[in-house]
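Input: one structure, supplied below.
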Amino acid sequence: MEAVRILLISTYELGRQPFGLASPAAWLRAEGHEVALADLSRAPMPAAVEHADLIAFFLPMHTATRLLPRVVEKVRAVNPRAHLCAYGLYAPLNQEMLRRAGMATIIGGEFEEPLVELARRLVGQAFCPVNSSPALDLPLISLDRQRFLTPDRRGLPPLEAYAHLAMNGGVRRAGYTEASRGCKHLCRHCPVVPVYRGRFRVVQRDIVLEDIRAQVAAGAEHITFGDPDFLNGPGHALPIVESLHREWPELTYDVTIKVEHLLEHHCLLPQLKATGCVLVTTAVESFEDHVLEKLDKGHTRAGFREALRLTRSIGLPLSPTFIPFTPWTTRDSYRDLLRELVELDLIEQTAPVQLAIRLLIPEGSLLLELPEIRRFAQGFDAEALCYPWRNPDPRLDDLQAAILELIRREEQRGAARLEIFRKIWGLAEGGPWVWETPRVSRVTIPYLTEPWYC
């Protein structure tokens, strides 16, 4: 087969070495194609852009997608002839913008096989920068089950260039892999839902372990599992971490698990702890039960408190994420959030940016099914790639903006989480800090050096 010169580009992915480049690279190289990888969050655009026949942009998240148009302008200035493709979770959600940006092919869901098929169809053709080639049409979203190949990370920056795990006063070099994609659940605000619609797909165990094996050989001391929910399929996930621990007893890992699953599968939590799990990220989102119901989160404030009790009882730290600013937020409910974090001793376990997150309503969001959201939301903003909304109390929008700016300023100067929290408290409460110092010390809570947000 004639080889296609391919460049796979990631604009941003939370400081992780992108699985979404390494995995398709393995498939495309197995077909004999010449593949270069570019993680623009860590390195400049490579010279390969000039001669690439196919340039494919990986879009796993909102921030990565918003960065795309400027990158495309630079790519087009250097190489106006390449076939452009966008793939990943956010690609099908933003197809109108991507078409305007010049994407000839858009791929969502399980993207490895469609990328291989795209390369096959491009072989021998005259490469065209416009999106009008009928011979290259592919399904917008593929959820076909795939037999994966071991990701090929050649050409990516070394693990030293990426986020690390801070733990016990030191840092551990972190790798990243995925054992599954999609999710069984239908949380209204989640970007996974419009694409996977309650389904999830697994990466075969041997492939996951081989990927970890290669990263350990490259110096990884910790692994982040990027699955939307690690316990969507416990029968798949648990044997992976058991094998991981047998082969590398000192290797640690972190996972993301819904509060609902922490409760449902609480009997498995000691097994996670025993196999090296040192941190669980969980999407709490709100302490207001009526907001959780609107988001269809599947848990309550009381349920989260129980999940926190269960994980703390075995020494397994939680890293909660929040969406504190929604159309339903009031000044009292935001103050309640801060007080609950103090009462539950979660200040040091909560990244400050989580206290400034504003509800994002992207194209295709199930939130748009709610009548009140349709009343709050304005027309789609093609630049921000979301439906803007305003709180009925405009002072809440001002408070969110002020808190976000405070966090950016304080983190830039290296302020501690407790110090930032006290200043957020001052903005929200309009008064001085009146609480005792948190019982949980920052140094006892592992955290990744690049915080989680979209």
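Only the coordinates and a few stated rules stand behind these numbers; no lab work does. Please read these numbers as outputs of a predicted model, since none were measured by experiment. Note: ideal-geometry Cβ built from the backbone for every residue, glycine included; neighbour counts use all protein chains shown.
As I understand it, the value is the acute angle between the Cα axis of helix 112-122 and the longest principal axis of the Cα atoms of the chain; what does it come to in degrees, rounded to 10?
30
Can you tell me the FRET efficiency between ASP345 and PHE380 if r is taken as the Cβ-Cβ distance and R0 is 35 Å, rounded to the nearest 0.05?
FRET efficiency, ASP345 to PHE380: 0.30.
When we measure straight from the Cα of LYS184, which lysines land under 30 angstrom away, once same-chain ones fewer than 8 places off are left out?
LYS258, LYS273, LYS294, LYS297
Once both labels are modelled 7 Å past Cα along the beta-carbon direction, what's the ASN168-ASP332 spacing in nm?
In this crude label model, ASN168 to ASP332 measures out at 4.7 nm.
Oh, and also: If you place +1 on the Cβ of every Lys and Arg, -1 on the Cβ of every Asp and Glu, and leave all else neutral, what size is the dipole of the chain about its Cα centre, to the nearest 20 Debye?
300
For the charge dipole of the chain, defined by +1 on Lys and Arg C-beta atoms and -1 on Asp and Glu C-beta atoms about the Cα centroid, which residue among GLY233, THR252, MET103 has the Cα displaced farthest towards the positive pole?
After comparing all options, I get MET103.
Can you tell me the 0 to 90 degree angle between the C-alpha axis of helix 417-429 and the longest principal axis of the chain, rounded to 10?
Taking the Cα atoms of the chain, the angle to 417-429 is about 70 degrees.
Sorted from fewest to most neighbouring beta carbons within 10 Å, what does the list SER142, SER41 look like?
SER142, SER41
Using the charge dipole of segment 5-142 (Lys, Arg: +1 at Cβ; Asp, Glu: -1 at Cβ; taken about the Cα centre), state which of PRO139, SER41, ALA86 has its Cα farthest towards the positive end.
The Cα lying farthest towards the positive end belongs to SER41.
Need one number: % antiparallel among DSSP beta bridges in segment 71-202, to the nearest 5.
The answer is about 60 percent antiparallel.
State the extension gain, in nm to one decimal, for the chain segment bounded by ALA402 and ARG390, taking 0.36 nm per residue of separation less the distance between their alpha-carbons.
Between ALA402 and ARG390, full extension yields 2.8 nm more.
For SER333, SER10, what ranking results if the residue with the fewest other Cβ atoms within 10 Å of its Cβ goes first?
In increasing order of surrounding Cβ atoms, one gets SER333, SER10.
How high is the relative contact order of segment 159-448, in percent, with contacts defined as C-alpha pairs under 8 Å that are six or more residues apart?
Relative contact order comes out at 18 percent.
Can you give me the long-range amide H partners of ILE223? Hydrogens built in the peptide plane at 1.01 Å from N, cutoff under 5 Å, separation of 5 or more residues or another chain.
Counting only residues 5 or more places away or on other chains, the set is GLY175, THR252, TYR253, ASP254.
List the longest stretch of the chain that has no exposed loop site; here a site is one of the GluC sites (Glu not before Pro) assigned by DSSP to anything other than H, G, I, E or B, with at most 13 other Cβ within 10 Å.
Details: sites that count: GLU2, GLU250, GLU383, GLU436.
Answer - 3-249.
Would you mind computing, in nm to one decimal, how far apart the modelled labels at GLU73 and ALA30 are, each placed 7 Å from Cα along Cα→Cβ?
With each label placed 7 Å out from Cα toward Cβ, I get 3.9 nm.
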